[in-house]
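Let me begin by presenting the structure, written as structure tokens, before commenting on it.
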Amino acid sequence: MPNAIDPLATRRSVPPLLLNDPAPEGAVLDQLLTVATRVPDHGKLTPWRIRIIRGAARERFGDLLAQVFGEANPQASAEQIAFERARPMRSPLILCVVSCAREHVKIPRWEQTLSAAAVCMNTLHAAQALGFGGSWLTEWYAYDAKVRAALDVAEDEKIAGFIYIGTPKSVPEDRQRPVLADVVSEWTGQGTRAES
Ligand SMILES: Cc1cc2nc3c(=O)[nH]c(=O)nc-3n(C[C@H](O)[C@H](O)[C@H](O)COP(=O)(O)O)c2cc1C
């Protein structure tokens, strides 16, 4: 039986420019999305959704980024505009994960937002498990009103991430990881009293 922990212990984001064709499609993409959306979700609200951007839609998305960037930065050079237009072309598949957390009598918005983050993380794990690579990015356009509107993201929704997916040309060297002792500590409860 393969060791399930090894892929988790060695997973690395692969930058979009290192992600080539082929991208997952058909039944494989369905499997990826099924795993991606199998996340903890307090109250079963499914407070997130996913938009797929691929094929020629990437070019249209690039045109949109170039237009919005150009309008916001009238002094931008032709190279800068071309750079923005090329962003979505870096990888063959982009999944836009939208957090649609809403007011709820019992489930705080924060918990709904966390569930969307879990979808993003699961997407990365599922992509790797299926032999692909991915990167979770927001860049400037996740926060831009015109781009959000074009993606049908409502004002009270947020883009949790654009997950760029494809077949890795190479995988970068690992980055520095947190020292466990810096981020993990034991709580003993000794000497603690609730304030009354
Ligand atoms: C919500 C979120 C947004 C991110 N947005 C960006 C981004 O816009 N640009 C970037 O270079 N990295 C961004 N990152 C970080 C990348 O995902 C980065 O490649 C990753 O942290 C590398 O770590 P890993 O190899 O452990 O996945 C973002 C991470 C998160 C969680």
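Only the coordinates and a few stated rules stand behind these numbers; no lab work does. A quick note: this is a predicted structure, and the numbers were derived from the prediction, not measured. Backbone-built Cβ (ideal geometry, glycine too); neighbour counts: all protein chains shown.
What the table shows:
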quantity	calculated
Normalised per residue, the volume of the convex hull around the Cα set of segment 113-196 (Å³)	202
Inter-centroid distance (Cα atoms) of segment 148-196 relative to segment 125-140, Å	14
Computed over the chain: relative contact order in percent, which uses C-alpha pairs under 8 Å that are six or more apart	33
Whole-Å semi-axes of segment 1-50's equivalent ellipsoid (Cα gyration tensor)	23, 18, 13
Residues with amide H under 5 Å from that of G134, placed H, sequence gap 5 or more	V14
Sparse-neighbour loop sites [trypsin sites (Lys or Arg not before Pro); segment 84-146; at most 16 other C-beta within 10 Å; DSSP]	R102, K106
GluC sites (Glu not before Pro) lying in DSSP loop within segment 45-135, provided at most 15 other Cβ fall within 10 Å	E103
P(r) tail fraction, segment 57-196 - alpha-carbon pairs more than 22 Å apart, %	56
Under 22 Å from the Cα of K44 - lysines, other chains or at least 8 residues apart	K106, K158
